[in-house]
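Here is the structure we will look at.
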Amino acid sequence: MAGVLAAALMVPAPIAPEYVALGDSYAAGAGAGSYVDSSCRRSANAYPALRGKDFPSFKFVACSGATTKSLKPQLKALTPATTLVTITVGGNDLGFVDVMTTCTLKGDKACENRVGKARAFARDQLPARLDATYAAIRDAAPSAQLVVLGYPRLFTPDDGCRTLSKRKREALDDAADEVSGVISAAASRAGARYVDVREAFADHGVCADEPWINALVNPTEDSYHPNKAGQAAYFEALTAAVP
């Protein structure tokens, strides 16, 4: 009997679920209001905050402006005990803010040229950056399920839309499709689950009757980011993929 008790005491206690949310402004929740950290634009409405309610241990470290190269401080939140990691990252590597500024302030050709530059970066340099990022996550949290959430198209097609020209909107949406393919392929190489949110947002982009993405707003850093309803859509896509 004593031997049985001793053996039982030697069995490790089960690890409590721990969720770590990494990434950029789309993961932090910029644009969704109810900010709990103004410098990083972390929102109580963000998909990680909504999912984190289900976990006894939740670390929300996603921060606006993050790139694959600047993500290292966030990775410190990961431990061997981490069981779930979500991440949305890559848009800032392509110069998202500069792309949108160019397309807002300049003409169609300048916008298309800047978008083309971002697409070339996505094809030529982003894959290696994502591979390194996902590998670093695997190293720090080897037991965790890694879930990569992508980006939506910004616009719902509407010939009456007055937010940017049709050529600009099409260029930006085409780029979103290409970037989604790049991120999806990298997630697959890493053995991660990829969550594609484009179809969820298809009828709810800028110009839609019920937009889930902000147009140009004040403060400008919330522009072209999911609003509260958009973050709820991200949350639903995440929970559908990882119940």
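Listing for the model above:
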item: At 0.890 mPa s and 25 °C, Stokes diffusion of the chain via Kirkwood alpha-carbon radius, µm² per second; result: 132 µm²/s
item: Cβ-defined net charge surrounding Asp222, 15 Å radius [Lys, Arg +1; Asp, Glu -1]; result: 0
item: Proximal lysine pairs, segment 20-147, alpha carbons under 24 Å, eight or more residues apart or interchain; result: 7
item: Kyte-Doolittle mean at least 1.6 and Cα axial length at least 27 Å: DSSP H helices in the chain; result: none
item: Value of Rg to Rh for segment 40-129 (Rh from inverse mean 1/r over Cα pairs, i.e. Kirkwood); result: 1.07
item: Size of electric dipole in segment 30-153: Cβ of Lys, Arg +1 and of Asp, Glu -1, about Cα centre, debye, nearest 20; result: 100 debye
item: Taking segment 92-187 and dividing mean pair separation by its residue count, relative contact order in percent (alpha carbons under 8 Å, at least six apart); result: 38 percent
item: Expected 222 nm ellipticity per residue - DSSP helices of 4 or more, -39500 (n - 2.57), all of the chain, to 500; result: -13000 deg cm²/dmol
item: Accessible solvent surface per residue of the chain, calculated while the other protein chains remain in place, 1.4 angstrom probe, Å²; result: 47 Å²
item: Ordering of 30-36, 70-76 by burial proxy (mean other Cβ atoms within 10 Å per residue, highest first); result: 30-36, 70-76
item: For segment 185-226 and segment 139-163, distance of Cα centres in Å; result: 5 Å
item: Share of carbon and sulfur in the accessible heavy-atom surface of the chain [1.4 Å probe, %]; result: 56 percent
item: For segment 8-114, with +1 on Lys and Arg beta carbons and -1 on Asp and Glu, the positive-most of Pro73, Asn45, Thr101 along the dipole; result: Pro73
item: Antiparallel DSSP beta bridges within the chain, percent to nearest 5; result: 15 percent
item: Residue-count net charge about Cys161 - beta-carbon cut-off 15 Å; Lys, Arg +1, Asp, Glu -1; result: -2
item: Efficiency of FRET between Ala240 and Ala185 - r from beta-carbon atoms, R0 25 angstrom, step 0.05; result: 0.70
item: Burial order of peptide ranges 113-123, 224-234 (average beta-carbon count within 10 Å, highest first); result: 224-234, 113-123
item: Size of charge dipole - the chain - debye, nearest 20, with Cβ of Lys, Arg +1 and Asp, Glu -1, no other charges; result: 600 debye
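The values are calculated or read from the model by the stated rules, or taken from the named source; none is laboratory data. Given the structure is predicted, the values throughout are model-derived calculations rather than measurements. Virtual Cβ from ideal backbone geometry, glycine too; neighbours counted across all protein chains shown. Each accessible area value is taken on the protein alone, full model and side chains, heavy atoms only, with ligands, DNA and RNA left out. Shrake-Rupley method; radii C 1.70, N 1.55, O 1.52, S 1.80 Å.
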